[in-house]
1. Roughly how many Å² is the accessible area per residue of the range 215-332, as a whole number, for a 1.4 Å probe?
2. So what is the relative contact order of the chain, in percent, for Cα pairs below 8 Å that sit 6 or more residues apart?
3. Roughly what angle does helix 111-120 make with the longest principal axis of the chain, taking Cα atoms, 0 to 90 degrees, to the nearest 10?
4. Please compute the modelled spin-label separation between TYR178 and ALA226, points set 7 Å along Cα→Cβ, answer in nm with one decimal.
5. Go ahead and collect, in residue order, the members of the range 191-232 whose backbone nitrogen is under 17 Å from a label point 7 Å along the Cα-Cβ direction of HIS139.
6. Go through LYS5/LYS96; LYS199/LYS244; LYS96/LYS160 and tell me which ones have a Cα-Cα distance over 28 Å in this structure.
7. Taking springs between alpha-carbon atoms closer than 10 angstrom, which of ARG272, ARG119, ARG201 fluctuates most in the Gaussian network model of the chain?
8. When Rg is the radius of gyration of the Cα atoms in the range 215-332 and Rh is its Kirkwood radius, what does Rg/Rh come to?
Amino acid sequence: MAMVKSDAYGHSMTRVAQLLEGSGCSVFGVAEVAEGVDLRDSGCRGDIFIFLGFYPPDVDYFFSHNLTPVVFTFEDLVRISEAQNERGRKLPVFLKFDCGMSRLGFSPNEAVEVFSRCRKLSIEPVGIMSHFPCSDNRHSKNSQHVADLFYRIDCQNGEKLPLVRSICNSGGLLYQPYSHGDMVRIGISLYGYYPDGDKGREKKDEEGLRPAMSCVSRIIQVKTVAAGSGISYGHTYITDRETKIAVLPIGYSDGVLRTMSNRAEVLIRGQRVPIRGRICMNMCMADISAIENASVGDEVVILGSQGRETIDADQIGEWSGTISYEVLCALGNNNPREFLA
Ligand SMILES: *Cc1c(COP(=O)(O)O)cnc(C)c1O
């Protein structure tokens, strides 16, 4: 299953799904019903899973757009049964169990009750799923425990139910090979990142995953300020010498997180240069004193490569106190996009 929620982590759900469907992928995962509707309307013919489940006001869409709810409450089983009876049609249903994430899902202890209710309500679950909390940590013992719990759920009275079983995210796929089951659900690794960031990328640059997204801006003004000048709101940076500043038309409303202020670097003319002062809503400033001839119109790489230098989303995550996932969503979902594939 290709996880294309949140507009494919900022890469465009419809474009990514189209590309992957063309390469043989037939199952897609999104969070919300509205995403599933958009994906179906865009021409996607695969199975579309709604991870936030069966939302009663949207009941019609599950039938009209052939969406698969991931179900985690007894109330929803009843509602789905009623909706099926009214329409004389069944929905494919996946059951979610909480094996240690303390997020969505029935408890594994409820499994017998869940399957017996399904039978009584004429619901035929296609599969079961769960979610790893720590699969990106190769050294954690937690995943083995979670997988053990999960793979016992469908053993009822010593019999295995004919269900598709799915527990792996990217961390599970990469680092918990004993747990793969019937279907893995990958997100971040599709987009070229390891779930554990740089630790995953170690020594893998040649044959490993390659990031799909880059983010590019331009210089819109260049100026020289005297030593002792404060830069941007709050003057959190004071120049210690005469400094050449480039103003960039990209800020936190465009996904350049404000927590990157005074920490991030960008690439201009193939060189790394520091962001100085607070990042504003629509702008930020880079110190280009070390670059000769930088001028208005020059390309500025926020994320990606220029010359021999590269800035990836793991690094931006470190500068801004977050992870690649959030960086990709923030940059991808707040800027005009151009597609190369
Ligand atoms: C987002 C998500 C995934 C994918 O996780 P990655 O770490 O991006 O591979 C898998 N399963 C569920 C339930 C998710 O919400």
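The values are calculated or read from the model by the stated rules, or taken from the named source; none is laboratory data. Small disclaimer: the values here were computed from a predicted structure and weren't measured. Note: ideal-geometry Cβ built from the backbone for every residue, glycine included; neighbour counts use all protein chains shown. The protein model used for the area step is the full one, side chains on, heavy atoms only, and it has no ligands, DNA or RNA in it. Shrake-Rupley method; radii C 1.70, N 1.55, O 1.52, S 1.80 Å.
1. Per residue, the range 215-332 has an accessible area of 46 Å².
2. On the way: 698 pairs, mean separation 43.1, N = 341.
Once normalised by length, the contact order is 13 percent.
3. Helix 111-120 sits at roughly 60 degrees to that axis.
4. Output for this residue pair reads 6.9 nm.
5. Once the point is set 7 Å along Cα→Cβ of HIS139, 196-202 turn out to lie under 17 Å by backbone N, inside the range 191-232.
6. In this structure, LYS199/LYS244 lie more than 28 Å apart at Cα.
7. ARG119
8. Working: Rg = 13.2 Å, Rh = 14.0 Å.
We get a ratio of 0.94 for the range 215-332.
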